[in-house]
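Written out below as structure tokens is the structure these notes cover.
The values are calculated or read from the model by the stated rules, or taken from the named source; none is laboratory data. The shown structure was predicted, so the numbers you read here are calculated from the model rather than taken from an experiment. Here the Cβ is made from the backbone with ideal geometry for all residues, glycine too, and neighbour counts use every protein chain on show. The accessibility values were calculated without ligands, DNA or RNA, using every heavy atom of the protein model including side chains. Shrake-Rupley method; radii C 1.70, N 1.55, O 1.52, S 1.80 Å.
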Amino acid sequence: MPLTPKYLAPPRRSLLLAILGGVAGCGVPAAYVRPGERAVDDLSARQKRLSWANWPLYIDTDDENPNRRPTLEAFEKRTGISVTYTEEINDNDEFFGKISPALMNHQQTGRDLIVMSDWMCARFVRLGWVQRMDRAQQPNVAEHLDPLLRSPAFDPGRRFTVPWQSGITGIAYNRRKLGREIRSVADLWAGDLKGRVTLLSGLDEAFALLMQGNGVDITRWTAADFDRVCDQVERYVASGHIRRFTGNDYTKDLVTGDVLACQAYSGDVIQLRADNTDIRFVVPEEGAELWSDSLMIPDRALHKRNAERLVDHYYEPEVAAELAAWVNYVCPVPAARDVLASARDKETAALAENALIFPDAEMRKRLVIARDITSKERVGFAKRWNAIVGL
């Protein structure tokens, strides 16, 4: 099973935004696309196909043949729609740069469905580079989408995006080597952890949890809240308390014991615990960020209806359960829990009780979707954060 695929490559955020910010003043048409200019004639009725771009290792595969994808093959068999599935997204900004010239110039991307992290989805929605889905044609999404994920600030009502998989940014630690529990963000700054703590290097991945540690409501955080976090992190870097900033490679430090506590993703820790039960994951008392990688239909996609049908397929509880049993992220379909619980295989049935796949009622009270960083804020915020991190 995969380690978190969305962070395989280092972030490259501010450069692309600076490019977009300057295009309107350089004789290039403005990037925003008006609603009436996003769609073309849909060929779905006579062309039973679609193209889907996703991250590596982010879909179920057959145990004996990794080139087979059971849930996807089931959709093709049921509908007669052929899916060209490519694992071409390794970094949000890298893929944004790959398809943005087409979208900016009102051209087709060659893809009917893409999966991006919600902070990047917010950029697509603001730019008008994604089409509104017809929820009347998606009864499973309408019925089964987790209420916690239904209305993020960047896409109220999830009109343009649908979560593929979700996860939690919290704290991982080695219980045996640390010798005590961690319950809050403030625990990261205890004296016995000096030099043994890492934070995530990406601005979008790191800031929300740190703000929650300050008691901030991350659905409405302010620039002053951001500056306060940066001031704190700068002090902990200067004092040597923070060992370093990481991407997905924090897992290595945690396993070796070089790091005792760190910012971490829930999906990674599920897999780490399979080999080392001393590694724990905690949603702090102050709360943690619930994030998603979400499905979108880009402007001028030729097979919009086919793409909508595929999205709805993955919201059938039985299909969502099969996918969740393989990827081990937070499942956006709570009804899949009962499907897994009834499985004959004991290991599969046990996944229904894993709070990092199906958060329990107590944990759900502490999970929040953060307000995204606006385009106006991003350049200045990224400049300050990257200076601290060393990017």
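General observations
- Taking label points 7 Å from Cα along the Cα-to-Cβ direction, R180 and D134 give a separation of 6.0 nm.
- Evaluating kT/(6 pi eta Rh) at 37 °C and 0.692 mPa s, with the Kirkwood radius of segment 262-391 over Cα pairs in the Stokes-Einstein relation, gives 187 µm² s⁻¹.
- For the pair A39 and E318, a Förster radius of 25 Å applied to the C-beta separation gives a FRET efficiency near 0.20, rounded to the nearest 0.05.
- Within segment 73-114, the proportion of Cα pairs with more than 16 Å between them is 50 percent.
- Inter-probe distance in nm under a simple model that places probes 7 Å from Cα toward Cβ, at D62 and E362: 4.3
- Average accessible surface area per residue within the chain, 1.4 Å rolling probe, Å²: 42
- Within the straight-line cut-off of under 22 Å between alpha carbons, the lysines reachable from K77 are K48, K304, sequence neighbours fewer than 8 places apart in one chain being disregarded.
- Computed over the alpha-carbon atoms, segment 130-209 gives an Rg to Rh ratio of 1.16, Rh here being the Kirkwood radius from the mean inverse distance.
- Multiplying each eigenvalue of the alpha-carbon gyration tensor of segment 188-256 by 5 and taking the square root yields semi-axes of 22, 14, 10 Å, largest first, rounded to whole angstroms.
- A viscosity of 1.002 mPa s and a temperature of 20 °C, combined with the Kirkwood radius over Cα pairs in Stokes-Einstein, give a translational diffusion coefficient for segment 314-391 of 143 µm²/s.
- Taking a straight Cα-Cα cut-off under 12 Å and skipping sequence neighbours fewer than 8 places away in the same chain, the aspartates and glutamates within cross-link reach of K98 are E88.
- Estimated at 0.36 nm per residue, the fully extended path between N90 and R126 surpasses their Cα-Cα distance by 10.7 nm.
- Cα gyration tensor shape of segment 218-302, rounded if a/c is under 1.5, else prolate or oblate by comparing a/b with b/c: oblate
- Pair-distance distribution P(r) for segment 162-213, from all Cα-Cα distances in 10 Å bins starting at 0: 19, 50, 25, 6, 0 percent.
- Working note: Cα gyration tensor of the chain, eigenvalues times five, square-rooted, sorted largest first, giving semi-axes of 34, 28, 17 Å.
- The chain - percent of accessible surface contributed by carbon and sulfur, probe 1.4 Å: 49
- DSSP beta bridge pairing in the chain, given as percent antiparallel to the nearest 5: 60
- Ellipticity at 222 nm from helices only: DSSP H runs of n ≥ 4 in the chain, each -39500 (n - 2.57), divided by the residue count, give -10500 deg cm²/dmol.
- Using alpha carbons only: equivalent-ellipsoid semi-axes of segment 82-189, gyration tensor based, whole Å: 34, 19, 14
- Its convex hull of Cα atoms gives segment 257-322 a direction-averaged projected area, equal to a quarter of the hull surface, of 7.8 nm².
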